[in-house]
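Structure first, then comments.
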Amino acid sequence: MDAFLAELRSFAQSLLTREGALQVLVLLLCLACAWLGARVIRSRMPEGLAPGTAKVSAGGVVRLAAPTIMLALVWLSSLALAKFQAVPMLKVALPIIGSFMLIRFAVYMLRHTIAPSPTLKAFERIIVYSAWSVVVLHFTGLLPELIAGLEAIGVTVGKQKITLWMVIAAILSVAIAVFVALFLTGVLERRIMTLQSVDLTMRVFATKLLRAIAVLMAVLIALPLVGIDITVLSVFGGAVGVGLGLGLQKIASNYVSGFVLLLDHSIRPGDLVTIDNRYGVVTDIKARYTVLRSFDGTESIIPNDFIVTNTLTNHSYADKSITVKCAMVVAHSAPLAQALTMFSDAAKTQPRVLAEPAPLALVRQITDVGIELELTVWISDPENGQAALRSDILCAALAQFRTAGVELAKYAPAGGAHVSNAGISARQLLP
């Protein structure tokens, strides 16, 4: 540590000389020009780009603008200033700036190659500046002294001495290993998800399991590389076990339940389900929770443990096709045979209605008000909702009734639209 402090003092003293101060001034001017140039480039970039190659390319240009401009300016300045004095500081700055540019661009591209996510975006700067700090210390010659000082600080756990440098190196090694593991699994996941011959649930399960194994292997490989015996992790494993017993068992149960749902095929992405009076389409099954999207656009985050331990209704478990029922009330004097035929024909004009089984119109009941007709149709895309379809069928039927002069009852009872799964008792649902 003393050698490291001596190096810092020597570097600080060099800044007090005329040559050193001039080089610092040149670096500051180059930094200001690069910052202004990057702002101009960013202001000229198109806004509102859709996710894709164009947006990724625009982000790459924005990230490379400032270091590229500064690298060019420092290089030109070093050539000009070298005619009058030595420029060791500018020569050291060139590889430092170049390494920052490469590290920043590489991490940005890796983040988008893995899978764009807010979590990786938040850690992008941390990873970039951490890696760059090591490079800066290396080029300035301060890294060996710093490592020696950090290795002098440590504690002994069992037979293993853990130093501060070992902890920092372990964190960096694990971060890099996990980052590489996520990159490789991201490539494999995209290939797995394109295998249409494999069931969607099995594809999702394979990707989740592959990612978990890859992260675990990355940690187990990275720690021994920096000299940490993985048997030391048994202490932390015991602490985690105590934590599970004291309050984390619910979280662990949700993760285990997530893998159970993926394996037993009870629900799959795209299924139409009712869970705890929530009716909608399963859009995603995560390791800890399942996303249920209702037809009003809202999304419910349901813990996997709740789904496993409670009863749910899967309307598309065996057959995705479901029935949609509509009702109309005609007057007692209306021609029933003609009214039933027209009601069925109105449904046949809708593209979402299946031709087989064919739409069926029947007399539901006769009341003092009129004769209630019920129409049953089949659809194969319940995730698109039923309200719009019922409205289209009723509007088409009403237009035909008016053209043919079929009189409607003066009053119709409230309700009358029901949905049921294929072959299962009808149950009224509100999409």
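The values are calculated or read from the model by the stated rules, or taken from the named source; none is laboratory data. This one's a predicted model, so the numbers in the text were calculated from it and none came from an experiment. Surface accessibility is based on the protein's heavy atoms, side chains included, excluding ligands, DNA and RNA. Shrake-Rupley method; radii C 1.70, N 1.55, O 1.52, S 1.80 Å.
What percentage of the solvent-accessible surface of segment 59-102, computed with a 1.4 Å probe over protein heavy atoms, is contributed by carbon and sulfur atoms?
That share works out to 81 percent.
Whole number in Å², please: accessible area per residue of segment 263-386, 1.4 Å probe, ligands, DNA and RNA not counted.
47 Å²
When the solvent-accessible surface of protein heavy atoms is calculated with a 1.4 angstrom probe, in what order do S99, S133, S333 fall, highest first?
If we order S99, S133, S333 from most to least accessible, we get S333, S133, S99.
Could you give me the ³J(HN,Hα) list for segment 206-223, computed from phi with Karplus coefficients 6.51, -1.76, 1.60 and θ = phi - 60°, whole Hz, x at Gly and Pro?
4, 5, 5, 5, 4, 5, 5, 5, 5, 5, 4, 5, 4, 5, 5, 7, 6, 5
Could you sort I322, I176 by their accessible area in this structure, using a 1.4 Å probe and putting the largest first?
I176, I322
Between Y317 and S300, what length comes free when the chain is fully extended (0.36 nm per residue of separation minus the Cα-Cα distance, one decimal in nm)?
That pair, Y317 and S300, stretches by 4.1 nm at full extension.
Counting only protein heavy atoms and using a 1.4 Å probe, what share of the accessible area of segment 251-355 belongs to carbon plus sulfur, as a whole percent?
Carbon-and-sulfur percentage of accessible area, whole number: 54.
What accessible area, in Å² to the nearest ten, does a 1.4 Å probe give for K161?
110 Å²
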